[in-house]
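Values in this text are rule-based calculations from the coordinates and carry no lab data. Since this is a predicted model, take the numbers as computed values, not measurements. Because the Cβ atoms are built from the backbone with ideal geometry, glycine has one as well, and the counts that use them run over all protein chains shown.
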Amino acid sequence: MKPIIEISKVRKAFGTVEALKGVSCDIAEGEVVCILGPSGSGKSTLLRCINQLERPTSGIVRVGGEIIGYREQANHLYALSNRQLAAQRSKIGMVFQQFNLFPHMTVLENVIEGPVRVKKELRAASIQSALQFLERVGLADKANAYPSQLSGGQQQRVAIARALAMKPSVMLFDEPTSALDPELVGEVLLVMKELARSGLTMVIVTHEIAFAREAANRIIFMDGGAIVEAGKTGDLLGNPKNPRTREFLAAVRH
Amino acid sequence: MSKNDLNTPDEYVFVRKIHYGRYLAVALIILLLGIIVRAFVVGKIAWAVVGEYLFDRDIMAGIVNSMILTVFVMVVGVMLAVTVALMAGSKNPVLRYTARGYMFVFRSVPILLQLLIWYNLALIFPQITIPFVVSVSTTQVLTPFVAALLAFGIAQGAYTTEVIRSGLLSVGRGQVEAAASIGMTYSQSLYRIIIPQAMRVIVPPLGNETIGMVKYTSLASVIQYREIIYSAQSIYFASGRVIEMLMVCAFWYALVIGILSIVQGYIERYYNRSSRGSAAGEADL
């Protein structure tokens, strides 16, 4: 099966610190991949390189066959204009650790902002489909609330609906439950499991091993800016080969 | 002493503390106000003349001209300030230093001096020429209104830049990233996401600056712009009713600024609307 995300030899340096040391991996369409690893291992940076919130220092990322951030012509890569890059990003959904809902807009306005402003869809039609997405995350009744009136778990579910409303080909989740109170984690994971079952391609940076075991097809373990081990969920969690993976899993299982 | 011996709350009479200091202060304030009011009543002001000129046609035209100048100046100032604030935040060092230089020059020269320089620009450049298009004498272009607009607008822009900049910086990076992640361009996220949120921080100081500008426009009287003080002076040069005309001006300024303050309150409430119902309301000081 042709991969929908191809990451090849991606390096990212922040000053003298190398956050990614040449990472390559492919993710197939419909696959749910969890990226695990200790903090500072570069997993969030890798995720942010996929939609170019971080521009890789070298290496390329293809999504749906298109190189992100560049136009390819006769062995040359020409940097895209902001507008063209924005168009590429509109097909890649992202959910952030801190939700990042637009606080001056209602829940409904948050969800229709992309379809109306970016895809130039009609407002009425956008509202229709936005309400369906809100229904899907269980928050149709909060359409007219402001984010400040919602709990963290509800805000994150709205953020998922906002990303889904763009009908992205892949969804990136950057530690979606790390900023949540423990009792609110479940509701967000429940929504994500439902999405995983629906066949959406998902790349999830997370610390929730139990969730990864249940929802992920494949696990990538990162440490020190590199992929240390990758494999089928059952194999990697049940029988990790690399000592660092074993160490990490032993530590988080307590 | 057993528990039954204690009085219940109903059996007590609560005696409030007496704030002697406050009573004294109030008495002093009333006394002082009385003295001041009496001084102005028995002083050499013909209040009837004040009333007579309050709605004088030239005075009304003057306050309207003050308002017109203020509005145009603030529009020019804010547009400049937004541009310069974005330049100051740019990654390009030339844009950044240009922004700094502009702010330095126009904040360090007194506003009255800038006004006089713009008005007398014809002394340096007698003709303004756009090659092959037009050539006019500078005095024709730099009317008192245009000179005042340029002087105040450009100087105001230099001050407002800091206000806009702090407003833009108050919006978290995550907001720009979220906007980018749904495919918005930077300019889209600026208009839809960043500026609407920055307004909460921008409006209060911008309101202050607008109120300040209403009063600064009075300086334009020195270059013969027909704002309210110029009108008042024209009248008192003929009639000799100096203090009466100044009181008329004071009344109009206070009225206009009172109205502006109320408008500012409404605008602030509008931009704070999304925080209603949240625990993060402002503390009651």
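Miscellaneous remarks
- For the stretch B:79-161, chymotrypsin sites (Phe, Trp or Tyr not before Pro) meeting the loop criterion (DSSP other than H, G, I, E, B) and having at most 13 other Cβ atoms within 10 Å: B:Phe132.
- Rounded to the nearest whole Hz, the Karplus-based 3J(HN,Hα) values (6.51 cos²θ - 1.76 cosθ + 1.60, θ = phi - 60°) of the stretch A:34-50 follow the sequence 9, 9, 10, x, x, 5, x, 7, x, 5, 5, 4, 4, 4, 6, 6, 5, with x at glycine and proline.
- Cα centre as origin, Lys/Arg/Asp/Glu Cβ charges: the protein assembly as shown dipole, Debye: 940
- Using θ = phi - 60° and Karplus 6.51 cos²θ - 1.76 cosθ + 1.60, couplings along the stretch A:85-94 (whole Hz; Gly, Pro as x): 5, 4, 4, 5, 5, 5, 9, 10, x, 9
- Dipole-positive endmost among B:Ile63, B:Val42, B:Ile18 within the stretch B:16-70 (Cβ charges, Cα centre): B:Ile18
- Overall form of the stretch A:1-101 per C-alpha gyration tensor (a/c, 1.5; a/b vs b/c): rounded
- For the stretch A:49-153, a simple Cβ point-charge model (Lys and Arg +1, Asp and Glu -1, everything else neutral) yields a dipole of about 260 debye relative to the Cα centre.
- The calculated FRET efficiency for B:Gln233 paired with A:Arg55, based on their beta-carbon distance and R0 = 60 Å, is about 0.45.
- Above-threshold pairs, the threshold being 20 Å between Cα atoms, out of A:Lys9/A:Lys232; A:Lys2/A:Lys241; A:Lys2/A:Lys232: A:Lys9/A:Lys232; A:Lys2/A:Lys241
- By the rule of a C-alpha distance below 16 Å, with chain neighbours fewer than 8 residues away ignored, the aspartates and glutamates paired with A:Lys43 are A:Glu6, A:Glu18, A:Asp26, A:Glu54, A:Asp174, A:Glu175, A:Glu208, A:Asp223, A:Glu229.
- Summary of the geometry: the stretch B:49-71 and the stretch A:85-109, compared by the centres of their Cα atoms, lie 51 Å apart.
- Across chain B, the longest piece that holds none of the trypsin sites (Lys or Arg not before Pro) lying in DSSP loops with up to 15 other C-beta atoms within 10 Å covers B:92-275.
- Proximal lysines to A:Lys119, defined as alpha-carbon separation beneath 22 angstrom and excluding residues fewer than eight positions away on the same chain: A:Lys91, A:Lys167
- Charge dipole (debye, nearest 20) of the stretch A:104-254; +1 at Cβ of Lys and Arg, -1 at Cβ of Asp and Glu: 480
- Long-range HN-HN contacts of A:Gly37 with modeled amide H, under 5 Å: A:Met222
- Look at the stretch B:195-207: the mean tally of other chain Cβ atoms within 10 Å of its residues' Cβ atoms is 1.
- Anisotropy class of the stretch A:106-146 from Cα gyration tensor, a/c 1.5 cut: prolate
- Less than 5 angstrom separates the built amide H of A:Ala145 from those of A:Val107, A:Leu108, all sequence-distant by 5 or more or on a different chain.
- Shielding score for A:49-61, defined as the mean number of other chain Cβ atoms within 10 Å: 1
- Between the residues A:Phe96, A:Cys34, A:Ile227, the greatest Cα displacement towards the positive end of the dipole of chain A, with unit charges on the Cβ of Lys, Arg, Asp and Glu, is found for A:Ile227.
- For B:Val82, B:Val49, B:Val136, the sequence from fewest to most other C-beta atoms within 10 Å is B:Val136, B:Val49, B:Val82.
- Sequence of A:Leu80, A:Leu46 once ranked by neighbouring C-beta atoms within 10 Å, starting from the fewest: A:Leu80, A:Leu46
- Rounded to the nearest 500, the 222 nm mean residue ellipticity of chain B from helices alone is -23000 deg cm²/dmol, with -39,500 (n - 2.57) taken per DSSP H run of at least 4 residues.
- Eligible aspartates and glutamates near A:Lys120 by straight Cα distance, threshold 18 Å, same-chain separation 8 or greater: A:Glu109
- What the Cβ-Cβ distance of B:Leu54 and B:Val133 gives, at R0 = 45 Å and to the nearest 0.05, is a FRET efficiency of 0.40.
- Cα gyration tensor shape for the protein assembly as shown, rounded if a/c is under 1.5, else prolate or oblate: oblate
- Dipole of chain B, positive end: most advanced residue of B:Pro196, B:Leu28, B:Trp252 [Cβ charges, Cα centre]: B:Pro196
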